[in-house]
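**Q** A single structure is presented below for examination.
The values are calculated or read from the model by the stated rules, or taken from the named source; none is laboratory data. Quick caveat, the model's predicted, so the values are computed rather than measured. FYI the Cβ positions are ideal-geometry reconstructions off the backbone, even for glycines, and counts take in every protein chain you see.
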Amino acid sequence: MKQPDRFPKIPLGIFPTPIHKLENISRKLHTNVYVKRDDLTGLGLGGNKVRKLEYLLADALQKGARVVFTTGGAQSNHAMLTAAAAGKLGMKPILILKKRGVTERVGNLLLEHLMGTEVLFMDTDDYADIYREMDRRGGSLGVPYYKIPCGGSNALGVLGYVDCAREIRDQGFHADHLICAVGSGGTMAGLALGAKLFLPGTEVHGMMVDTDPFEQITPALMREAAALLEADVTIRPEDFDLLGMCGPGYAVPSREGNEAISQMAKEEGIFLDPVYTGKAFAGLLKMAEEGAFRETDHVLFLHSGGAGGIFTV
């Protein structure tokens, strides 16, 4: 099997990110809850996309790209971090975002304005429309361009979180349960595949903050990444667990998510966001209330960032 670091990779983040215990939350839930601080990855305001972009933008540079396109919702963390990383590496980022959610110059759109990023909106619910527009615009530029899918969630991007699972192992931490937000599927797929390869005995739980068919998307991404790694593994439904935490809709704050944000802020001094991590942590709290964790368990929550979204509500 190839190791993830056998693939071209551009250093963009500060790794390894720390793991520490949430002492007050642990006492309240009668189990051992830890957080993996991928909100502290260093680039921009931090977040999980940095690990993916190390692989994706290395591929872009290797292919001679001068322009990088990507997409997402109006307040996409991934889009903002792609703009930051591409600019740092001397490439021009162009963001074509869905005209959905908060489109005023606040949150991530303010950060993109500060970076001088070209941002366009399309009034569509279908990313296929956006990818076609990328090709139309890219074809007229006269320079090589590179397309990164929503969330950086393709086989190459997934390697970032396979690598994260290996990092957790190398930090000497054993998690009985590993919990993350699921917005496009790549982070979840990487952790689930990485757990199979590097974290035996760890159950991976994804908290879905969108309504896409992640029960199909996740194993498909896992298989594609496993093929890249030439890993001799069989992907099974029991490799991961999914819990619906979307609430009233993608990028629409939920009552449970807001309560989880408030609890984490008050008790641990850590800030979650209303789109991803707040809803994901609400899922962890729900699991605890339903008796999913033993007192002796070690529950690891991946804080995947999203700070910009706090300033849109």
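**Q** Return yes or no: is Arg37 touching a Pro at 6+ places or on another chain (Cβ under 9 Å), closer than 25 Å to Ala175 by Cβ and at pLDDT 95 or above? Talk me through it step by step, then tell me what you get.
**A** Values: touching a Pro at 6+ places or on another chain (Cβ under 9 Å): yes; closer than 25 Å to Ala175 by Cβ: yes; at pLDDT 95 or above: yes.
Yes; evaluated as a whole, the condition is true for this residue.
Table: residues versus (1) over 21 Å from Phe301 (Cα atoms); (2) out of contact with any His (no Cβ under 6 Å at 6 or more places or on another chain); (3) surrounded by fewer than 21 Cβ atoms within 10 Å (Cβ to Cβ).
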{"position": "Glu23", "(1), (2), (3)": "no, yes, yes"}
{"position": "His30", "(1), (2), (3)": "no, yes, yes"}
{"position": "Val33", "(1), (2), (3)": "no, yes, no"}
{"position": "Gly46", "(1), (2), (3)": "no, yes, no"}
{"position": "Leu81", "(1), (2), (3)": "yes, yes, no"}
{"position": "Lys88", "(1), (2), (3)": "yes, yes, yes"}
{"position": "Val102", "(1), (2), (3)": "yes, yes, yes"}
{"position": "Gly107", "(1), (2), (3)": "yes, yes, no"}
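**Q** Go through region 268-280 and give me each residue that's crowded, with 20+ Cβ neighbours inside 10 Å, touching a residue at least 60 places away in the same chain (Cβ under 8 Å) and part of a helix (DSSP H, G or I).
**A** Thr277, Lys279, Ala280
**Q** Let me ask another. If a residue must be over 20 Å from Phe301 (Cβ atoms) and surrounded by 16 or more Cβ atoms within 10 Å (Cβ to Cβ), how many such residues does region 197-211 contain?
**A** So the answer is 1.
**Q** A further question on this structure: Going through region 268-298 one residue at a time, which ones are in contact with an Asp or Glu (Cβ under 9 Å, 6 or more places away or on another chain) and farther than 14 Å from Val313 by Cβ?
**A** Glu268, Ile270, Ala282, Gly283, Leu285, Lys286, Phe293, Arg294, Thr296, Asp297, His298
**Q** Within region 119-135, track down each residue that is surrounded by 13 or more Cβ atoms within 10 Å (Cβ to Cβ) and closer than 21 Å to Val252 by Cα.
**A** Those that are surrounded by 13 or more Cβ atoms within 10 Å (Cβ to Cβ) and closer than 21 Å to Val252 by Cα: Phe121, Met122, Thr124, Tyr127.
**Q** Scanning region 241-261 for residues that are of a type outside the set (A, V, I, L, M, F, W, C) and touching a strand residue (DSSP E or B) at 6+ places or on another chain (Cβ under 9 Å), which turns out surrounded by the fewest Cβ atoms within 10 Å (Cβ to Cβ)?
**A** Result: Gly244.
**Q** Could you check region 6-53 and list, in sequence order, the residues that are out of contact with any Leu (no Cβ under 7 Å at 6 or more places or on another chain), within 21 Å of Glu290 (Cα to Cα) and not polar (S, T, N, Q)?
**A** Leu22, Glu23, Ile25, Arg27, Lys28, Leu29, His30
**Q** Considering each of Gly138, Gly116 in turn, give the residue that is closer than 25 Å to Leu43 by Cβ and buried (at least 16 other Cβ atoms within 10 Å of the Cβ).
**A** On the way: Gly116 fails: buried (at least 16 other Cβ atoms within 10 Å of the Cβ).
After ruling out the rest, the residue left standing is Gly138.
**Q** Regarding Met80, is this residue over 16 Å from the mean Cα position of the chain (by Cα) and among the hydrophobic types (A, V, I, L, M, F, W, C)?
**A** The answer is no for Met80.
**Q** Can we say Ala288 is surrounded by fewer than 24 Cβ atoms within 10 Å (Cβ to Cβ), part of a helix (DSSP H, G or I), touching a helix residue (DSSP H, G or I) at 6+ places or on another chain (Cβ under 6 Å) and at pLDDT 95 or above?
**A** yes
**Q** All but one of (1) at pLDDT 95 or above; (2) more than 25 Å from Tyr55 (Cα to Cα); (3) polar (S, T, N, Q) hold for Asn108; which doesn't?
**A** (2)
**Q** To continue, here is another question. Restricting the first residue to region 213-240 and requiring it to be assigned by TED's automatic domain parsing to the domain that holds Asp163, which pairs with a second residue that is of a type outside the set (A, V, I, L, M, F, W, C) and assigned to a loop (DSSP other than H, G, I, E, B) meet a Cβ separation below 6 Å and a spacing of at least six or different chains?
**A** Listed pairs, sorted by first residue: Phe214/Gly185; Ile217/Gly185; Thr218/Gly185; Leu221/Gly185; Leu229/Lys2; Glu230/Lys2.
**Q** Taking interchain pairs and intrachain pairs at least six residues apart, which have beta carbon atoms under 6 angstrom, with the first residue in region 7-25 and farther than 11 Å from Glu268 by Cα and the second assigned to a strand (DSSP E or B)?
**A** Sorted first by the residue in region 7-25, then by its partner, the pairs are Thr17/Arg37; Pro18/Arg37; Ile19/Tyr34; Ile19/Lys36.
**Q** Which condition from (1) touching a residue at least 60 places away in the same chain (Cβ under 8 Å); (2) buried (at least 18 other Cβ atoms within 10 Å of the Cβ); (3) closer than 23 Å to Gly72 by Cα is the one that Val313 breaks?
**A** (2)
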